[in-house]
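*Asks:* Pasting a structure here, questions to come.
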Amino acid sequence: MNKDNPYIKNIPGVCTVCGKIAYFDQYGNGICKNCGWEMERDEEQMGKMQGISYPMLVPVWRAREQYKQGKPFKATFEDFINGLYFYSEMEFKHKGTIYIVFFKNRKIIFCCEAFQQEYEGREDFKDKANIDGKLLKDIWDTEIDDPGYLFD
Ligand SMILES: [Zn+2]
């Protein structure tokens, strides 16, 4: 098939999260106009094996639960850390400020314009990463917005 074909995302199918009609390309990828989920051919497998999805981050099984509960798709702290180990560069917002998490010399760097923190690994980051002393794990559900992969 021609890569420049403008009708590339025109294969009708069903959204894997909300079940409404959605359109796919020849690789099985597509975006649902109803719930906003971006479908990816390997999402079931990735959700099971790695606990995440790409490019959405939230694993598809959790996305279904969130959709049913009328909640927006939002990655848990655990999803976010899984995403970090998969993609290496992540971001989220806290009260309008952007924070970035990435690997450098095998350490996890957590930073914003005001500070930089370093962690030895998954557990260290999970237990101690904080904003002004407030642990990320404690404020994740209530104060952290738009956790996801760092895209250009
Ligand atoms: Zn949908």
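Rule-based calculations on the coordinates, nothing more; no lab input. Predicted, not measured: the structure shown is a model, and the values here were computed from it. Every residue, glycine among them, receives a Cβ derived from its backbone with ideal geometry; neighbour counts consider all protein chains shown.
*Asks:* Calculate the length of the line joining the C-alpha centroid of the range 100-150 to that of the range 40-87, in whole Å.
*Replies:* About 19 Å separates the Cα centre of the range 100-150 from the one of the range 40-87.
*Asks:* What FRET efficiency do you get for residue 124 and residue 10 if R0 is 41 Å and r is their Cβ-Cβ distance, rounded to the nearest 0.05? Write out the running numbers ahead of the final one.
*Replies:* Values: r = 47 Å, r/R0 = 1.15.
Efficiency, from the Cβ-Cβ distance: 0.30.
*Asks:* Also: Once the piece of chain linking residue 111 and residue 71 is laid out straight, how much longer is it, given 0.36 nm per residue of separation minus the C-alpha distance between them? Display every interim value, and only then the final one.
*Replies:* Values: separation 40, 0.36 × 40 = 14.40 nm, distance 2.82 nm.
Net length gain for the segment: 11.6 nm.
*Asks:* Pull out the extension gain between residue 89 and residue 44, defined as 0.36 nm times the separation in residues minus the alpha carbon to alpha carbon distance; nm, one decimal. Don't skip to the end; give the middle numbers.
*Replies:* On the way: separation 45, 0.36 × 45 = 16.20 nm, distance 2.26 nm.
Here the segment from residue 89 to residue 44 would lengthen by 13.9 nm.
*Asks:* Count charges around residue 55 for me, please; just the other residues with Cβ under 11 Å from its Cβ, Lys/Arg as +1, Asp/Glu as -1. List each step's numbers first, then the result.
*Replies:* Working: positive: none; negative: 38, 40, 43.
Here the charged neighbours net out to -3.
*Asks:* Enter the angle in degrees (range 0 to 90, nearest 10) between the Cα long axis of helix 77-87 and the first principal axis of the Cα atoms of the chain, meaning the one along which they spread out most.
*Replies:* 80 degrees
*Asks:* Per residue and in Å³, how big is the convex hull formed by the alpha-carbon atoms of the range 45-86?
*Replies:* Numbers: hull volume 2.5 nm³, N = 42.
Cα convex hull per residue, to the nearest whole number: 58 Å³.
*Asks:* Test of understanding: in a Gaussian network model of the chain with alpha carbons linked when under 10 Å, which of 27, 67, 99 would top the mean-square fluctuation ranking?
*Replies:* 27
*Asks:* Need one word for the range 94-152: rounded, prolate or oblate. Basis is the Cα gyration tensor (sqrt eigenvalues a ≥ b ≥ c); a/c below 1.5 gives rounded, then a/b vs b/c decides. Before the final figure, lay out each step's value.
*Replies:* Numbers: a/c = 1.56, a/b = 1.18, b/c = 1.32.
Judged from the Cα gyration tensor, the range 94-152 comes out oblate (a/c at least 1.5, b/c at or above a/b).
*Asks:* In the neighborhood of residue 98, defined by Cβ-to-Cβ distances under 11 Å, what is the net charge if each Lys or Arg adds +1 and each Asp or Glu adds -1? Write down the numbers at each step before the final one.
*Replies:* Numbers: positive: 93, 95; negative: 91, 113, 145, 146.
Computed value for this residue: -2.
*Asks:* Normalising by the residue count of the range 55-146, find the relative contact order in percent from Cα pairs under 8 Å and 6+ residues apart. Kindly include the intermediate steps, with their values, before the conclusion.
*Replies:* Values: 107 pairs, mean separation 19.1, N = 92.
Relative contact order here is 21 percent.
*Asks:* Take the alpha carbon atoms of the range 9-123, find their radius of gyration, then divide it by 2.2 N^0.38 Å using N residues; give the quotient. Each step should come with its number before you reach the end.
*Replies:* Working: Rg = 16.1 Å, N = 115, 2.2 N^0.38 = 13.4 Å.
Output field value: 1.21.
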